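Report on one structure; see the data block that follows.
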């Protein structure tokens, strides 16, 4: 900044000097320029003053322009220097901040390491103390355990003698108990086998009777079913309107209680479409078909499949 102010002061002095010089030249020109021959003296003086004044003005203008250019150049250099100085200052400040940050980080790392080392030392001290305490407790425990085992051994020897006597008595009692249990089990087994044999004989007799009854009932049911099948066949044949010799088909008929037909269809054709169709129609025309009143028997006849042969 002091350099810049010094340069400005020098420029100002130089400008003042130029103006003073120009004025001096003008005055000298007025006093010492001789008038040209053949002209009046007054006119010559006026012309000389006018011409010299213009020259002086031109020279002053030139000098002022040169001074302005010089000032502008000085100002530009001044601004450039200030800009460079600001940049250098900013760079220096940034470097100072970076160094401060590095120093701070280094201090933090060293502090953390110191804290970690301190913690490790404290941990190691605590571990050694705990290890020492554990060893003391272990030695005490071993001594107590040794004493306890010795006392236990003495008690065990006394107890073993007593236990031996007790076991001998128990073994004798147990042997007697087992003998009695064996005899009781043998007797119970014999009774159980006899009971099982009796129950098995009763079961076989009951199953045989049930089988005979079932066979007899099945025979009665089949006889009754055959009777109703005969009635159904005759009733369908009565409804059949176009008998043809040598033709027969197998019908599947579904009924509901009471004998009403809900479905009738040929499951094995006679080979004659008209005959098959008339057979199905005859079944529906014959509905309701004769069926047993007994629900158990009807359940066996809910769906019936039979050969329809009107010429049989």
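Summary table below
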item	result
Selection status of residue 195, modelled with pLDDT of 90 or more and either loosely packed, with under 11 Cβ neighbours inside 10 Å or not in a helix (DSSP H, G or I) (or both)	yes
Answer residue from region 276-289, given it is touching a strand residue (DSSP E or B) at 6+ places or on another chain (Cβ under 6 Å) and not in a loop (DSSP other than H, G, I, E, B) and is farthest from residue 299 (Cα to Cα) among those	276
From 59, 105, 101, residue being at pLDDT 80 or above, touching a helix residue (DSSP H, G or I) at 6+ places or on another chain (Cβ under 8 Å) and part of a helix (DSSP H, G or I)	59
When residues of region 237-275 are limited to those that are without any contact (Cβ under 8 Å) to a residue 40 or more places away in the chain and assigned to a strand (DSSP E or B), the one surrounded by the fewest Cβ atoms within 10 Å (Cβ to Cβ)	267
Residue within region 237-249 that is closer than 30 Å to residue 214 by Cβ and more than 60 Å from the chain's Cα centre (by Cα) present	no
Pick from region 299-312, criterion surrounded by 13 or more Cβ atoms within 10 Å (Cβ to Cβ) and either at pLDDT 95 or above or in a strand (DSSP E or B) (or both), ranking: farthest from the chain's Cα centre (by Cα)	308
Residue in region 224-243 that is more than 22 Å from residue 311 (Cβ to Cβ) and at pLDDT below 95 present	yes
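The values are calculated or read from the model by the stated rules, or taken from the named source; none is laboratory data. Nothing here was measured: the structure is a model prediction, and the numbers come from that model. Every residue, glycine as well, gets a Cβ built from its backbone with ideal geometry; the counts of neighbours run over all protein chains shown.
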